[in-house]
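Accompanying notes for the structure given below.
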Amino acid sequence: MTGTAPRTGGRWIEQWDPEDETFWKESGERIARRNLLYSVLSEHIGFSIWSLWSVMVLFMGPQYGIDPAGKFFLIATATFVGALVRVPYTFAVARFGGRNWTVVSALLLLAPTVAAMVVMEPGTSYTTFLVVAALTGVGGGNFASSMTNINAFFPLRQKGWALGLNAGGGNIGVPVVQLIGLLVIGTAGAAHPRILLGAYIPLVVIAATLAWLRMDNLAPVRNDTGAVRESLRDAHTWIMAFLYIGTFGSFIGYSFAFGLVLQTQFGRTPLQAASLTFIGPLLGSLIRPVGGWLADRHGGARITLGTFVAMAAATGVVIFASVRESLPVFLAGFVSLFVLSGLGNGSTYKMIPGIFQAKALARGMTGEAAAAYGRRLSGASMGLIGAVGALGGLGINLVFREAFLSSGSGTAAFVTFLGFYAVCCAVTWAVYLRRPAPARVAAAPGAEQKPQLTTV
């Protein structure tokens, strides 16, 4: 049922039906797993470059002349651009092919890495630093194209696991670059950020080369402007985007800000901050596939709701520690937030394809028609959801910046986050778990659509 035929730009698989169990066992699973492996590698390095400035600010001592608010804004700039580029990156997979775009998106990572090597020294203007920080946003786009591509390769019954593994392997790029930063600061000192930057240039080239040699394009994945328009009109796209702000927005926002919060609020040195910063992102990344797996077994909405309840509780611990200035308690609560946001990342992304497949079934579709509809709409919506979710990271860094400007402490920021998690709990329960609620996620053409979905 599959075959490859040469086209302009590389290898293409002409037919792809992962819901066909015979095809899946004979060849589909092997091909999908191979593409997943090299997708993870490219996305992993993309995340490292996107989060580069969470490490660069640790190298920027008093001689750089940039205060904590200015450093938070550098981080926020990278977050903002990374969120914006996720939308075009999503649709680039269908335009150019998943394998082809993985190669291009990997090579684009050379631009911010080389630029940072050139400018990373005292005396460089703050505007120049802002421009280079903005360039690192291309690393954030890699996530959207990678997730859209892998979503097309796997059957619905394995999407939670596959998407969680793909995203988790990518997310680990955050603690890895932080660990390399720790190694550089601990050995060469905080005056040598170019050592870290130089280490990533060959890694980018290796990732692009392996993607070129080992990945495939799926010909059935086409640019579908109708799917984009339909996903934009669907209430679930925006509801899931809001929930993804709470999970992934928290993960990436905290990842970028953690070291700077430790330096600013608790007086840690760059080496002390770097020795702690990587722990939360590492655990949050490792547990993301578990969130997807749990969602496969127990339902994404249940796991997501439980995650938000626990995140609210952990935020309460962080507020207590911030007021009492207790670093050990603060670390325990903050690391818990990373772990929980990682779980929620996996469960929310599992919900997306399940929602649109359920809509297809409610419209009377069956079999491959329902599966194809689910893949079509979930693929189109993932970039939008990922982009809005990543803007949550921007929000977190801006809220931290305002809190430290006004009070010199992050307490007010954490109170704001606690209120947001309470709203996320209410939305998840009301839309996807409330009983009794009609399981009407799609009405007949022309009829009013209701966003309730009781089983996702």
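Overview of results
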{"item": "Acute angle (nearest 10 degrees) that the helix 29-50 long axis makes with the longest principal axis of the chain, alpha-carbon atoms", "result": "30"}
{"item": "Folded to 0 to 90 degrees: helix 138-153 orientation relative to the chain principal axis, Cα", "result": "20"}
{"item": "Residue 11 accessible area, 1.4 Å probe, all protein chains in place, Å² to nearest 10", "result": "80"}
{"item": "Whole-angstrom gap from the stretch 228-293 to the stretch 64-142, using each part's C-alpha centre", "result": "17"}
{"item": "Charge sum, other residues only, whose C-beta stays under 13 Å from residue 344's C-beta, Lys/Arg counted +1 and Asp/Glu -1", "result": "+3"}
{"item": "Residue 368 accessible area, assembled protein chains, probe 1.4 Å, Å²", "result": "70"}
{"item": "Heavy atoms of residue 407 accessible to a 1.4 Å probe, total area in Å² rounded to 10", "result": "70"}
{"item": "Residue-by-residue Karplus 3J(HN,Hα) for the stretch 350-356, coefficients 6.51, -1.76, 1.60, Hz, glycine and proline x", "result": "5, 5, 4, x, x, 4, 6"}
{"item": "Acute angle (nearest 10 degrees) that the helix 86-96 long axis makes with the longest principal axis of the chain, alpha-carbon atoms", "result": "50"}
{"item": "Around residue 163: net Lys/Arg minus Asp/Glu count, Cβ-Cβ under 11 Å", "result": "+2"}
{"item": "Binned Cα-Cα distances of the chain, short to long, each 20 Å bin given as a whole percent", "result": "27, 56, 17, 0"}
{"item": "Set of aspartates and glutamates near residue 25 by C-alpha distance (under 19 Å), chain-local residues within fewer than 8 positions excluded", "result": "14, 17, 216, 368"}
{"item": "Estimated vicinal HN-Hα couplings, Hz - the stretch 312-326 in sequence order (Karplus 6.51, -1.76, 1.60; Gly, Pro = x)", "result": "5, 5, 5, 5, x, 5, 5, 4, 4, 5, 5, 5, 7, 6, 9"}
{"item": "The chain: calculated mean residue ellipticity at 222 nm from DSSP helix runs of at least 4, using -39500 (n - 2.57)", "result": "-25000 deg cm²/dmol"}
{"item": "Accessible carbon and sulfur surface of the chain relative to its total accessible area, %, 1.4 Å", "result": "66"}
{"item": "Contact order relative to length of the chain, as percent, for alpha carbon pairs under 8 angstrom and 6 or more apart", "result": "23"}
{"item": "Test item: Cα-centred dipole of the chain, Lys/Arg +1 and Asp/Glu -1 on Cβ, debye", "result": "520"}
{"item": "Å² per residue, accessible surface of the chain at 1.4 Å", "result": "36"}
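The values are calculated or read from the model by the stated rules, or taken from the named source; none is laboratory data. If you're wondering where the values come from, they're calculated on a predicted model, not measured in any experiment. Note: ideal-geometry Cβ built from the backbone for every residue, glycine included; neighbour counts use all protein chains shown. Each accessible area value is taken on the protein alone, full model and side chains, heavy atoms only, with ligands, DNA and RNA left out. Shrake-Rupley method; radii C 1.70, N 1.55, O 1.52, S 1.80 Å.
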